[in-house]
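J.: I'd like to ask you about the structure that follows.
The values are calculated or read from the model by the stated rules, or taken from the named source; none is laboratory data. Being a predicted model, the structure only gives us computed values, none of them experimental. So basically every Cβ, Gly included, is an ideal-geometry build from the backbone, and we count neighbours across all protein chains shown. The area values use the complete protein model at the heavy-atom level, side chains included, leaving out ligands, DNA and RNA. Shrake-Rupley method; radii C 1.70, N 1.55, O 1.52, S 1.80 Å.
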Amino acid sequence: MRVASKITAFAALLSLGATAAACRRATAHESPAPAPSSGSGLASGDSGADTAIDAAARADVAPSTSCPPLTLETSWIGADEGGPELPTIDDPQKNLAPFYARWAEVERGNAKKPLRIAVYGDSNLTMDGLTALLRRAFQKRYGDAGHGFVALARPWGWYHHHDVVHGFYEPMWKAYATTTAPAMDNHMGFSGIAAESLQGGALTWVATAEGDAPIGKTASHFGVYFLKRPQAGTFEIRLDGKVVKEVDTRSSAAKPELGYEAITAEDGPHKVAFMARTGGVRLLGATLEREPKGPDGRPHASVTVDSFGVGSLNAWALARLDTPVNREMLTHRDHDLVMFLVGTNMYALEKHHEWMGRVMRHLRAAKPGLPVLFLAPPDITLGNHGKKTDPRIHKVAEQLHDIAKEHGAAFWDFHAAMGGDLSIVAFRDKKWAQADLIHFTDDGSFVMGRRVLTALHRGFEAAVHEAPSLGCENEKRPNP
């Protein structure tokens, strides 16, 4: 059952989002990016000690082998004191164990590839707020690994990601979204957003971050996913204005297939554009990445966070993404953790188990044993002007908890972490939520992103204390 705290329990949380800078980790990697201004809340910590984590948890954990110790300090996250009690992740089948093992590899410097996290969410994630906090915090600690995935269409005017530049010439493209404008064949990629050219000359692009962005200002690896099918067209990949590759998306196969092309460049600021030479070119998204370097000058693995925010995302819209092309794309990207922050639009209660079951089978077919974490929906007071939390939120949260148990996934009570019933009103009063009492502002998303990260780190700490050799090169990774 979920915890429904009174609004008074939230009062102390209003101190979250303070401006003390997160400290450098003990075993240094790449020099961290500059901390953002105090108004952004993205990479700054909260002042004071983390009273919820005892000294033993923050100390180095020596493994039973010769593997170097882990440093489980949390200053890079920011203290999480004074707010509502932080719920513990419910993971009775230890589905997150492989994720914690991969995290330990990154922490020890033993990882051979980046730790990849994906987060699905509804309109609250379409501006990349919560995921930007996660991305910036992880990359401040382990090094700037690049933005990761970004869609190549903008189905809604407000849709954007932090720490990357992306856009397209709207009249030349059809923007698909699994909720508001789905493609008939449902091949929209794993993000649920795709762009299809309407004519030759259609241009879309992504570029490294500009201005005072704390991460994402350079990249060296660029990838693009697209749909291969009969009677499709060709497109050019342009790096900094120069054509470097021409890609033919036509296929003689009877069914659509996934296509992928990658280019590399010297690490630095870059703009990668994709110009369709004809209509019928469907692009499923692009990636921007790089390899951070340690003090010895050698590359090391860090963390990427892919943000899959789709307006009005719900269980049915997620289930329609169950196609072979989208599944192959999931396999290729190879995430180590998938999280779901959905539920505000999930009111066909009698169908949730069926639809989310299909989603889970789709994910696990792409990657058996994939760690999955369901988050309870945020608090809302839909239709009553802030007088009472919508009771359907509690029902959906109970269903998601049951679905997690049924499919061996994990669950975390996001609603309780906000402060429970009517906490969205306190968020609005603090300017952490908009006047509609549904949508977060960036500052509110950053506060909750830090709470999600704190909960994940506490689970990581517990896993390391249970298995001190976790992440060592000679340690067998736990099975889910």
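J.: So how much slack lies between ARG392 and GLU85, counting 0.36 nm per residue of separation and subtracting their Cα-Cα distance, in nm? Present the calculation step by step, with values, prior to reporting the outcome.
T.: On the way: separation 307, 0.36 × 307 = 110.52 nm, distance 2.30 nm.
Here the segment from ARG392 to GLU85 would lengthen by 108.2 nm.
J.: Keeping the other protein chains in place, figure out the carbon and sulfur percent of the accessible area of segment 278-344, with a 1.4 Å probe.
T.: Working: 920 of 1830 Å².
Roughly 50 percent, rounded to a whole number.
J.: Heavy-atom accessible area per residue, segment 84-229, 1.4 Å probe: how many Å²?
T.: Working: 4340 Å² over 146 residues.
Normalised by residue count, the accessible surface of segment 84-229 is 30 Å².
J.: Could you tell me what percent of the accessible area of segment 393-475 is made up of carbon and sulfur, with a 1.4 Å probe and every protein chain present?
T.: Details: 1200 of 2550 Å².
Of all accessible area on segment 393-475, carbon and sulfur atoms account for 47 percent.
J.: Residues in segment 261-300, backbone N under 16 Å from the label point at ASP334 (7 Å along the Cα-to-beta-carbon vector): list them, ranges by number please.
T.: 261-262, 289-291, 300
J.: Could you pull out every one of the lysines with an alpha carbon less than 22 Å from that of LYS245, ignoring same-chain neighbours closer than 8 positions?
T.: List returned: LYS228, LYS271.
J.: Right, here's the next one. What is the distance in Å between the Cα centres of segment 311-326 and segment 135-172?
T.: 21 Å
J.: In addition: How many angstrom lie between the C-alpha centres of segment 68-129 and segment 244-310?
T.: Distance between centres, Cα-based: 25 Å.
J.: Provide the gained length on full extension for the span LYS255 to ALA181, in nm with one decimal, where the gain is 0.36 nm per separating residue minus the Cα-Cα distance.
T.: That works out to 24.4 nm of additional length.
J.: Additional query: Given the whole protein assembly as supplied and a 1.4 Å probe, what does the accessible area of THR218 come to in Å², nearest 10?
T.: My reading of the accessible area for THR218 is about 40 Å².
J.: Once each part is reduced to its C-alpha centroid, what is the distance from segment 338-383 to segment 396-456 in angstrom?
T.: When both Cα centres are located, 14 Å separates them.
J.: How much accessible area does ARG250 have with a 1.4 Å probe, in Å² rounded to the nearest 10?
T.: Only protein atoms counted, so the area is about 140 Å².
J.: Normalised by the number of residues in segment 86-200, what is the relative contact order in percent for Cα pairs under 8 Å and 6+ residues apart? It would help to have the intermediate numbers written out before the result.
T.: Working: 95 pairs, mean separation 22.1, N = 115.
Answer for segment 86-200 is 19 percent.
J.: Within segment 338-367, what residues put their amide N at less than 20 Å from the label point 7 Å along the Cα-to-Cβ vector of ASP402?
T.: Only 340-361 fall inside the zone, counting backbone N under 20 Å.
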